[in-house]
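Have a look at the structure below before the remarks.
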Amino acid sequence: MSLNKVFIRQFSGSGAVLRAGYSTVQPVHHLVKVNKAALKPLYQGVLLPKDDIKSVSFKPTEISQDRVAEHYQNTLKSDLLLHNYEHGATTLKGNKKRSWGEDSPYKLYRNLKKPKGVSRPSKDVHPIRYDNVPEVESIVIQSYNKDALDESWLNISTRLQLAQITNVKPKQIYSKANILPWRVRQGKPCGGKVEITGRDMTQFISTLTELVLPRIRTFQGIKNTSGDSNGNITFGLDPEDVKGFPEIENFQELFPNLSGLQITFKTNAGTDERARTLLSSLGFPFYNP
Amino acid sequence: MFNPFRPSTISGFPSGSVVLKTFVRGKRQSTQSASTKKVVNQLSALSASRKQPKLLNLCNEDLIKHRTIVNAWKMFKRREEQRRHNQLKKQYKSIYNAMEDLKQTSPKLFELANAKEEGKRFPLEMRVPTDFPPTQPWVYNYSPKKETK
């Protein structure tokens, strides 16, 4: 670029153009790292998308009918749209971070002030329209095993239990804090965590609502107070309740040390009330604690 | 990994010679206890090694067939998605029009229709449809149990 080159009147027309100037473009190519080893022909197979049949990690996904997803699409979605409709509704602005003011150059680039009254900014609540009908995006299942802090092999059975229930390999979780009376040490493995979406998620939902929850004698439902105010609902299952999963029920001698589950439904509902209605439509009971 | 130029790991033997183990009569006994074996089995069930199925090696013709089918399926799914989206859009518009109409004709009814229904739940009796529904799929004269409090 020679935008900032001063035009000098002279006999030669090309002299000014050909004179060496400096580039005003930032030299980005020094900053972008290119892993050249990944470009070699040996790795071409790895670069294929996972749904390509030639890919090494190809796994057929749609192998059978998905009852829950079809029920949601065919019946529940239009019901939820009608239920959540509010005439003349506008976006409710969340509590956002505030600027310090613009009267001084020091304030202009300062980190934004915390939102009023709370430490964290909250999200906007959009009215429900045909393109954002509430749906369950994913389910996070976490299993914390206190005993695994002492005997690390227990950690393996906790993760295997999660893998059996969800059909997805769980991630290892590590304790974050040092609390000596509980023998909690930072960085010690203490359980597992999975996030399931799609087919695995709907399968898990139907197992829960049709097989596991109805057989728990003491189960009243999910608490009406549960939720993180952004539309994510959590409830827990005891080790006794986990026995109800058919994958574990029939092989009880293989799982002598069961641990409880903490199940979080991540939804795009925006508010907890909408999320609860959504979950109730999928067959989860609710109760007032 | 495997390096042919690296000297053999067993010192004292030239590379390529077979190392004989001491022969033990009878079935080999493992040194691990039963509980340890159980944990090892659990760990091997959890790990992905040796569970990867073989890569499908399709000939060109089969590959083209497969891709054609997959493309057709994707197109079908996309159209289905589009159809559902249009359907919901139409529903939304007709709800909007009905409410606008009601606002003009009867503001009192409009207030009632636009009231928020917080805490509303779907009935638990509503089930996800199955391939083999019960002989009496819906109980029309059903009344829910009265809560005893």
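Couple of notes before you dig in:
- Residues of segment B:70-98 classified as farther than 26 Å from residue A:49 by Cβ and touching a helix residue (DSSP H, G or I) at 6+ places or on another chain (Cβ under 7 Å), total: 4
One line per residue, one yes/no per condition, for (1) loosely packed, with under 15 Cβ neighbours inside 10 Å; (2) touching a strand residue (DSSP E or B) at 6+ places or on another chain (Cβ under 7 Å):
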| position | (1), (2) |
| --- | --- |
| A:129 | no, no |
| A:132 | yes, no |
| A:142 | no, yes |
| A:151 | yes, no |
| A:155 | no, yes |
| A:160 | no, no |
| A:175 | no, yes |
| A:181 | yes, no |
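- Lone unmet requirement of (1) within 23 Å of residue B:92 (Cα to Cα); (2) not in a loop (DSSP other than H, G, I, E, B) for residue A:87: (2)
- Within segment A:98-136, restricting attention to residues that are among the acidic types (Asp, Glu) and in contact with a helix residue (DSSP H, G or I) (Cβ under 9 Å, 6 or more places away or on another chain), the residue that is nearest to residue A:77 (Cα to Cα) is A:135.
- Of all residues in segment A:233-259, exactly one satisfies the criterion of being exposed (fewer than 13 other Cβ atoms within 10 Å of the Cβ) and in contact with a Lys or Arg (Cβ under 8 Å, 6 or more places away or on another chain), namely A:252.
One line per residue, one yes/no per condition, for (1) at pLDDT 95 or above; (2) not polar (S, T, N, Q):
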| site | (1), (2) |
| --- | --- |
| A:239 | no, yes |
| A:243 | no, yes |
| A:248 | no, yes |
| A:255 | no, yes |
| A:262 | yes, no |
| A:270 | no, yes |
| A:275 | yes, yes |
| A:281 | yes, no |
| A:284 | yes, yes |
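- Condition met for residue B:122 (within 14 Å of another protein chain (Cβ to nearest Cβ) and outside any loop (DSSP other than H, G, I, E, B)): no
- Considering only residues in segment A:173-206 that are in a helix (DSSP H, G or I) and touching a helix residue (DSSP H, G or I) at 6+ places or on another chain (Cβ under 7 Å), the one that is farthest from the other protein chains (Cβ to nearest Cβ) turns out to be A:200.
The rows are residues; the columns are (1) over 30 Å from residue A:90 (Cβ atoms); (2) assigned to a loop (DSSP other than H, G, I, E, B); (3) at the interface with another protein chain (Cβ under 10 Å from one of its Cβ atoms).
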| residue | (1), (2), (3) |
| --- | --- |
| A:211 | yes, no, no |
| A:230 | no, yes, no |
| A:265 | no, no, no |
| A:275 | no, no, no |
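- Which listed residue is more than 9 Å from chain B (Cβ to nearest Cβ) and acidic (Asp, Glu), from A:51, A:103, A:79: A:103
Every residue, every condition in (1) part of a loop (DSSP other than H, G, I, E, B); (2) surrounded by 11 or more Cβ atoms within 10 Å (Cβ to Cβ); (3) hydrophobic (A, V, I, L, M, F, W, C), yes or no:
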residue	(1), (2), (3)
B:58	yes, yes, yes
B:61	no, no, no
B:77	no, yes, no
B:82	no, no, no
B:85	no, yes, no
B:99	no, yes, yes
B:116	yes, no, no
B:142	yes, no, no
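The values are calculated or read from the model by the stated rules, or taken from the named source; none is laboratory data. Source: prediction; values computed, not measured. Here the Cβ is made from the backbone with ideal geometry for all residues, glycine too, and neighbour counts use every protein chain on show.
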